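Visitor: Structure in structure tokens, see below.
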Amino acid sequence: MGTLLGEIGKQLTQRWAAALVLPGVLYIAVSLAAWHLGHTHPLDTGRLTSAFDHWVAAPTVNTPVGLVLILILVLVAAGAVGLLVQGIGLLTERLWLATTWEGWPSPLRQLAARQVARRRRQWDAADTAYREERDRAGRARSLAGSAPRPGPRPPALTTPSPLVERRRRLARIAPDRPVQPTWMGDRMNAVTLTLDREFSLDLPSVWPYLWLTLPDATRTEITAARETLGRAASLAAWGLLYVAVGVLWWPSAVIGVTVLGTAWRRARGAVDGYALLLEAAARLHTAEVANQLGLETGTMLNRRTGWALTCLVQGRSDLIPLTDDAV
């Protein structure tokens, strides 16, 4: 048991050092460089080297006790910065997903509402263009189908058709008509909307039951995708801290903006992958949950199964026989 606990403690220490301490030490080093260089000498490495040599030669540093104390101080400060990053990362993730934006404080709520309205106007315009292109393509296909074909069919074009491009523009705004101020929030919300529209399934209510019955491999994949989103949010938090140091030293702002852009791209990919896995897990395993709860709805997920399971887990099983024929 002692060996096991020691190994667990070692792994936790390694993860703590990799996730918090090492990036924190780097951030402290950049902050100290920014303090010494400033905007007047932003790229003067000689000035930085001179300051470092002067600091190392100080009597309070050039002793074993002084070195140990400074090392402890740096590790504590790096850990504190890492904990700050975790808090900022959680806040960043909440802003990205914006699931509770209607309950935000007044200034943020108004800004979010304007963003939702703006994104809806963009989506409506893109949706209108997509529908018009779809109708035009349908009419062109009907005319082509009714006309005689004197020769072999021409080879398929390698470039995307205008209809495909219109669809891509629509998806870049939101998978469905926006109800969130961010693309990531709408991407996650689209999973719930799709399952409710196709199967009358309320995923937030069913998800705890579904999670407990998922195979280990599926849960591992979903957990990994969720952790990828969390790491992207933490990376964005580091970017914000580097941008803040940019007030003293402009190269730090460049680093911060680059890190923020990388974090945003990773977060979009992580959210898309996470949403795909949630929807796939619901489609593949919801019928198993229904059968385990005694509904005996068969092996395929359909509207009857989704509605019956939703009513059951919400404590409204008395509605199942009343609405069974209407689903």
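Please treat every number below as a calculation from the coordinates, not as lab data. Keep in mind the model is a prediction, meaning the values are calculated, not measured. FYI the Cβ positions are ideal-geometry reconstructions off the backbone, even for glycines, and counts take in every protein chain you see.
Visitor: Counting other C-beta atoms within 10 Å, which of 234, 161, 31 has the fewest, and how do the rest follow?
Guide: Details: 234 22, 161 12, 31 18.
The most exposed by this proxy come first: 161, 31, 234.
Visitor: What is the sum of charges around residue 199, taking Lys and Arg as +1, Asp and Glu as -1, for the other residues whose C-beta is under 13 Å from the C-beta of residue 199? Intermediate values should be presented prior to the final figure.
Guide: On the way: positive: 197, 283, 303, 304; negative: 196, 198, 202, 279.
Once positives and negatives cancel, what remains is 0.
Visitor: Would you mind computing, in nm to one decimal, how far apart the modelled labels at residue 75 and residue 250 are, each placed 7 Å from Cα along Cα→Cβ?
Guide: Simple spin-label model gives 3.9 nm for this pair.
Visitor: In Å, what Rg and Dmax follow from the Cα atoms of region 181-327?
Guide: 20.4, 68
Visitor: Then there's this: Projecting each Cα onto the charge dipole of region 192-269 (Lys/Arg +1, Asp/Glu -1 at the beta carbon, about the Cα centre), which of 254, 195, 213 comes out farthest on the positive side?
Guide: 254
Visitor: Next question, about the same structure. Along the charge dipole of region 231-319, pointing to its positive end and built from +1/-1 on Cβ of Lys, Arg, Asp and Glu, which listed residue (301, 240, 289) has its Cα farthest out?
Guide: Result: 240, furthest along the dipole toward the positive end.
Visitor: Calculated FRET efficiency, residue 84 and residue 220, Cβ-Cβ r, R0 35 Å, to nearest 0.05? Before the final figure, lay out the partial values.
Guide: Values: r = 30 Å, r/R0 = 0.86.
The computed FRET efficiency comes out at 0.70.
Visitor: Mind sorting 279, 132 by how few other Cβ atoms lie within 10 Å of their own Cβ, fewest first?
Guide: Values: 279 16, 132 11.
Going from least to most buried by this count: 132, 279.
Visitor: Something else now. Which whole-Hz ³J(HN,Hα) couplings does region 280-294 yield from phi under the Karplus relation 6.51 cos²θ - 1.76 cosθ + 1.60, θ = phi - 60°, glycine and proline marked x?
Guide: For region 280-294, the Karplus curve yields 5, 5, 5, 5, 7, 10, 5, 4, 5, 4, 4, 5, 5, 8, x Hz.
Visitor: Here's a follow-up. Counting other C-beta atoms within 10 Å, which of 200, 106, 205 has the fewest, and how do the rest follow? Kindly include the intermediate steps, with their values, before the conclusion.
Guide: Numbers: 200 19, 106 7, 205 16.
Sorted ascending by nearby Cβ count, the order is 106, 205, 200.
Visitor: Enumerate the calculated ³J(HN,Hα) couplings along region 303-308 in order (Karplus 6.51 cos²θ - 1.76 cosθ + 1.60, θ = phi - 60°), each rounded to whole Hz, writing x wherever the residue is Gly or Pro.
Guide: Once θ is set to phi - 60°, the couplings for region 303-308 become 5, 5, 5, x, 5, 4 Hz.
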